[in-house]
Amino acid sequence: MKCEDVSKELIPYLDRRANSALRMEVEDHLATCPACHARAEEFRRVWTTLDEAPLVEPSLGFDARLRERIAAEPGPRWFHWLLPQPRLALSLALLLAMGLWVVKYSPSARQEDAAVVKPQDFDAVKDLGVIENLDVLSKFDALSELAPVASAQPPAQPDNSQPSQPNNGGGGDM
């Protein structure tokens, strides 16, 4: 038997509440371990001192006065469950603060940003097939042999700074 086991079973052994097999194991350990034997002797001395102390009988009205004092105590308030557990109260307050912060500052909560959809936001979607294969296309040598395609620009407006000459519908001077 180990010292830990003996320390758990020492009180029942000294009170003579342990069964005979356990008593034999504890006695064998106490015979071989001086530290546990000294501890058992300290317990025996404490119990001997307590046995020698006179018994104090409570007064006749002690029980009634005690019950009266307990009944006079104020009842628990509605928040009494928070008082013995301040960590729970702090955790709830922090959880509430974080929830409010997330709701207030989350991008989905901003109605003005979510409601406005700009057409240029969807320009990349038309060229999605090209964008997905951009890496392949950038390393494709045959693209360098192609002539550049003019970008689709609106036709240029005529320059109004020079006077225009009327066109007579024909082909030049006659």
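Each reported figure results from applying straightforward, stated rules to the coordinates on display, with no laboratory input. Here the structure is a predicted model, which means the values were calculated and not measured. Counting neighbours? That spans all protein chains shown, and the Cβs are built from the backbone with ideal geometry, glycine included.
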Apply 1/(1 + (r/R0)^6) to the Cβ-Cβ distance of residue 21 and residue 93, taking R0 = 41 Å, and write down the FRET efficiency to the nearest 0.05.
0.15
For segment 3-52, what is one quarter of the convex hull surface built on the Cα atoms, given in nm²?
3.3 nm²
Residue by residue through segment 3-10, which ³J(HN,Hα) values in whole Hz follow from phi under the Karplus form 6.51 cos²θ - 1.76 cosθ + 1.60 (θ = phi - 60°), with glycine and proline marked x?
4, 4, 5, 5, 5, 6, 9, 5
